[in-house]
Amino acid sequence: MDFKLELVVIPVSDVDRAKAFYADQVGFTVDVDHRASEQFRVVQLTPPGSACSITIGVGVTQVAPGTYQGLHLVVDDIEAARAELAGRGVDVSEPFHFGTAGQTPGLHAERADYGTYLSFSDPDGNGWLVQEVKYHAR
């Protein structure tokens with residue numbers, strides 16, 4: 001039996017600002033923007049090539065905005081991903097990896113899968129990692 005993760009709710013303080021960030025800067029597709037009332041709005045966005053979406057909105061979570069950290073996006077070319085995000089105006093880190101001294105600047109020496117990362121945050125401070133994976137072990 002498959003258990004597929006298809007949606008993660010991201011806590012934000014300003015839905016329009018977050019929608020613009022994720023759609024216009026990060027490049028997610030806006031799947032749904034439904035406002036039932038001033039107390040309920042749901043915006044669903046999907047990263048390019050992903051089977052999992054995010055939802056932002058009003059009345060969809062009680063979690064404080066900006067408290068999520070470590071959400072992962074997976075790409076097969078970390079340098080191209082950084083160039084694309086930076087070109088769209090995202091304040092994205094330089095590549096880094098983890099070695100014996102912990103987080104270390106630069107690409108993983110062997111460009112090993114799951115070895116190199118970037119980081120960025122949305123306007124509320126929810127933190128994302130972009131991870132390079134060329135070959136999935138599935």
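The values are calculated or read from the model by the stated rules, or taken from the named source; none is laboratory data. Everything numeric here is computed off the predicted structure, so don't read it as measured data. Backbone-built Cβ (ideal geometry, glycine too); neighbour counts: all protein chains shown. What goes into the accessible areas is simple: the full protein's heavy atoms, side chains included, and nothing from ligands, DNA or RNA. Shrake-Rupley method; radii C 1.70, N 1.55, O 1.52, S 1.80 Å.
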Original post:
If you check ALA80 against the conditions, is it among the aliphatic types (A, V, I, L, M), free of Cβ contacts under 8 Å to residues at least 12 places away in the same chain and loosely packed, with under 14 Cβ neighbours inside 10 Å?
Top reply: yes
Subject >> Conditions (1) assigned to a helix (DSSP H, G or I); (2) touching a Lys or Arg at 6+ places or on another chain (Cβ under 9 Å); (3) of a type in the set (Lys, Arg); number of the one not met by ARG35 >> reply: (1)
Subject >> Residues that are among the charged types (D, E, K, R), surrounded by fewer than 14 Cβ atoms within 10 Å (Cβ to Cβ) and over 24 Å from ALA86 (Cβ atoms), drawn from region 1-34 >> reply: ASP2, LYS4, GLU6, ASP31
Original post:
What pairs come up if the first residue lies in region 15-37 and is in contact (Cβ under 8 Å) with a residue 12 or more places away in the chain, the second is in a helix (DSSP H, G or I) and open to solvent by 60 Å² or more (accessible area, probe 1.4 Å), and their beta carbons are under 9 Å apart, counting only those six or more places apart or on different chains?
Top reply: GLY27/GLU84
Subject >> Of all residues in region 85-125 being over 18 Å from the mean Cα position of the chain (by Cα) and of a type in the set (Ser, Thr, Tyr), the one that is most open to solvent (accessible area, probe 1.4 Å) >> reply: THR100
Subject >> Positions within region 48-61 being within 21 Å of SER93 (Cβ to Cβ) and surrounded by 18 or more Cβ atoms within 10 Å (Cβ to Cβ), in sequence order >> reply: ILE54
Original post:
Which residues, counting only those in region 77-103, are at pLDDT 95 or above and in a loop (DSSP other than H, G, I, E, B)?
Top reply: ASP77, ARG88, GLY89, VAL90, ASP91, VAL92, SER93, GLU94, PRO95
Original post:
In region 50-73, which residues are touching an Asp or Glu at 6+ places or on another chain (Cβ under 8 Å) and touching a residue at least 60 places away in the same chain (Cβ under 8 Å)?
Top reply: PRO65, GLY66
